[in-house]
1. Could you tell me whether the range A:39-48 includes any residue that is over 20 Å from B:Gln45 (Cβ atoms), surrounded by 12 or more Cβ atoms within 10 Å (Cβ to Cβ) and touching a Lys or Arg at 6+ places or on another chain (Cβ under 8 Å)?
2. Taking B:Thr12 as the residue in question, decide whether it is within 12 Å of the chain's Cα centre (by Cα) and either surrounded by fewer than 17 Cβ atoms within 10 Å (Cβ to Cβ) or without any contact (Cβ under 8 Å) to a residue 24 or more places away in the chain (or both).
3. Tell me yes or no: at least one residue of the range A:6-19 is within 23 Å of B:Phe105 (Cβ to Cβ), surrounded by 15 or more Cβ atoms within 10 Å (Cβ to Cβ) and either at pLDDT below 95 or of a type in the set (Ser, Thr, Tyr) (or both).
4. Give me the residue from the range B:102-115 that is outside any loop (DSSP other than H, G, I, E, B) and facing chain A (nearest Cβ under 10 Å) and, out of that set, surrounded by the most Cβ atoms within 10 Å (Cβ to Cβ).
5. Quick check on A:Leu46: is it without any contact (Cβ under 8 Å) to a residue 24 or more places away in the chain, in a strand (DSSP E or B), touching a Leu at 6+ places or on another chain (Cβ under 8 Å) and within 27 Å of B:Gln2 (Cβ to Cβ)?
6. Could you please find all residues in the range B:34-87 being within 13 Å of chain A (Cβ to nearest Cβ), surrounded by fewer than 17 Cβ atoms within 10 Å (Cβ to Cβ) and not polar (S, T, N, Q)?
7. Quick one: which strands (runs of 3 or more DSSP E) lie wholly within the range B:25-101 and hold at least 1 residues that are among the acidic types (Asp, Glu) and without any contact (Cβ under 8 Å) to a residue 40 or more places away in the chain?
Amino acid sequence: GAVVSQHPSRVICKSGTSVKIECRSLDFQATTMFWYRQFPKQSLMLMATSNEGSKATYEQGVEKDKFLINHASLTLSTLTVTSAHPEDSSFYICSAPGQASGGPNEQFFGPGTRLTVL
Amino acid sequence: AQSVTQPDIHITVSEGASLELRCNYSYGATPYLFWYVQSPGQGLQLLLKYFSGDTLVQGIKGFEAEFKRSQSSFNLRKPSVHWSDAAEYFCAVGAGLGGYNKLIFGAGTRLAVHP
């Protein structure tokens, strides 16, 4: 099946710094990618939809100036957490829709990035 | 608005016992429904999906789910649980037009398996 990678898998940073997380579709192209946030023992919350060649679409309540998304190519989307604070510590997961023979495209998920802000 | 409810936060079963994880959804149109499994330190893996046709869907690892429109449910079942099935299970509904569906997830059910 299709593979989505994320880098880094784990990052620890100081409060006030910015952190970039990469999401790559390794063997397929994705004009759309999705970014989720997962708090410990909780569900995934959709943050934004990343669109290649256009601006990202953010879900209600997500600060677009805080979480910068750039869909640089058909295989790469990046999420930058700007001026990170401890409350931004979370597990960030991306997904990309792959090809399907019928019905909805299956979402392929990256392994996630654990962000810890000190 | 679309939503997914998984009533059971935590379930414990004995190895070899049958399993049913509940999922109820709220969606105005015919839903696209999914079950994903998340093992510790790993990404989400699709177990099965439903979008039309036969309401009993077979998935990987011996799992199946039944779509019941009258009950707005999409419960996941397995006849005999293995210790390796211990993980977090998420039900999700595809919300959006066309093929690039956003997924709305339920809160998840954590499955523990006793030997």
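The values are calculated or read from the model by the stated rules, or taken from the named source; none is laboratory data. Given the structure is predicted, the values throughout are model-derived calculations rather than measurements. Cβ coordinates were reconstructed from backbone atoms using ideal geometry, including for glycine residues, and neighbour counts include every protein chain displayed.
1. Yes, the conditions are met somewhere in the range A:39-48.
2. Numbers: within 12 Å of the chain's Cα centre (by Cα): no; either surrounded by fewer than 17 Cβ atoms within 10 Å (Cβ to Cβ) or without any contact (Cβ under 8 Å) to a residue 24 or more places away in the chain (or both): yes.
No.
3. Going through the range A:6-19, the residues within 23 Å of B:Phe105 (Cβ to Cβ) turn out to be A:6, A:9-10.
Remaining after also requiring surrounded by 15 or more Cβ atoms within 10 Å (Cβ to Cβ): A:6.
With either at pLDDT below 95 or of a type in the set (Ser, Thr, Tyr) (or both) added as a condition, the list becomes none.
Looking for residues that are within 23 Å of B:Phe105 (Cβ to Cβ), surrounded by 15 or more Cβ atoms within 10 Å (Cβ to Cβ) and either at pLDDT below 95 or of a type in the set (Ser, Thr, Tyr) (or both), one finds none in the range A:6-19, hence no.
4. So in the range B:102-115, the residues outside any loop (DSSP other than H, G, I, E, B) come out as B:102-105, B:109-114.
Then keep just the ones that are facing chain A (nearest Cβ under 10 Å); that gives B:102-105, B:110.
On the way: B:Lys102: 21, B:Leu103: 25, B:Ile104: 23, B:Phe105: 22, B:Arg110: 15.
Once the filter is applied, the top-ranked residue is B:Leu103.
5. Details: without any contact (Cβ under 8 Å) to a residue 24 or more places away in the chain: yes; in a strand (DSSP E or B): yes; touching a Leu at 6+ places or on another chain (Cβ under 8 Å): yes; within 27 Å of B:Gln2 (Cβ to Cβ): yes.
In short, yes.
6. B:Pro40, B:Gly41, B:Gly53, B:Asp54, B:Ile60
7. Details: elements: B:32-38, B:44-50, B:56-58, B:64-68, B:73-78, B:87-95.
So the answer is B:64-68.
Matching residues to (1) of a type in the set (D, E, K, R); (2) within 28 Å of B:Ile9 (Cβ to Cβ); (3) surrounded by fewer than 19 Cβ atoms within 10 Å (Cβ to Cβ); (4) touching a strand residue (DSSP E or B) at 6+ places or on another chain (Cβ under 8 Å):
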| position | (1), (2), (3), (4) |
| --- | --- |
| A:Tyr36 | no, yes, no, yes |
| A:Val62 | no, yes, yes, yes |
| A:His71 | no, no, no, yes |
| A:His85 | no, no, yes, yes |
